[in-house]
Amino acid sequence: MASPEQILEELLSVPGVEAAVASDKDGLLLASAGLKEDDIDMDALGAVASGALSSAEFVGEEFKKGLLERVVLEYQEGKVILQQVGKDVVLAIFASKEANLGIVRLTIKRKQQEILDSFSF
């Protein structure tokens, strides 16, 4: 079985995907690919991603919109996709502004079970 880091590295093969980070639902970093730890505080990134997903879940619950599938943040210079994978893992994908969100979403969907299986919860 592939390690979590290897699976996240595979996500980097999607055109435009620059980095992938997996954290637990409490924001603790589990694995990452594509980012240098010197460039960013990885623990803070995991915590912020988890918190953003929790906030978005709250909005959906309050307005009775069902379960949250993902959060997509679009910035001038790129995109961030936050997605719950199972009940314990938050996946954050960092992509260029040219990245095709449909392909990124499809790849995440195809890799979800493999990502979950790579962690021993």
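Shown for 9, 69: other C-beta atoms within 10 Å of each C-beta, ranked fewest to most, produce the order 69, 9. Most fluctuating residue of 68, 53, 28 in a GNM of the chain with Cα springs under 10 Å: which is it? Its mean-square fluctuation being the largest, the pick is 68.
Volume of the convex hull of the chain (Cα atoms only), normalised per residue: 105 Å³. Across the chain, Cα pairs under 8 Å and at least six residues apart give a relative contact order of 29 percent. Sequentially through the stretch 90-95, phi angles give Karplus couplings (6.51, -1.76, 1.60; θ = phi - 60°) of 10, 9, 10, 10, 10, 9 Hz, Gly and Pro residues having no value and appearing as x.
Please report 54, 3 as a ranked list, fewest other C-beta atoms within 10 angstrom at the top and most at the bottom.
Listed from fewest to most nearby Cβ atoms, that is 3, 54.
Close Lys pairs in the chain, defined as Cα atoms under 24 Å apart and 8 or more places apart or on different chains, number 23.
Only the coordinates and a few stated rules stand behind these numbers; no lab work does. Every value quoted in this text rests on a predicted model; they were computed, and no experiment measured them. In this analysis, Cβ positions are derived from the backbone assuming ideal geometry, glycine residues included, and neighbour counts consider all displayed protein chains.
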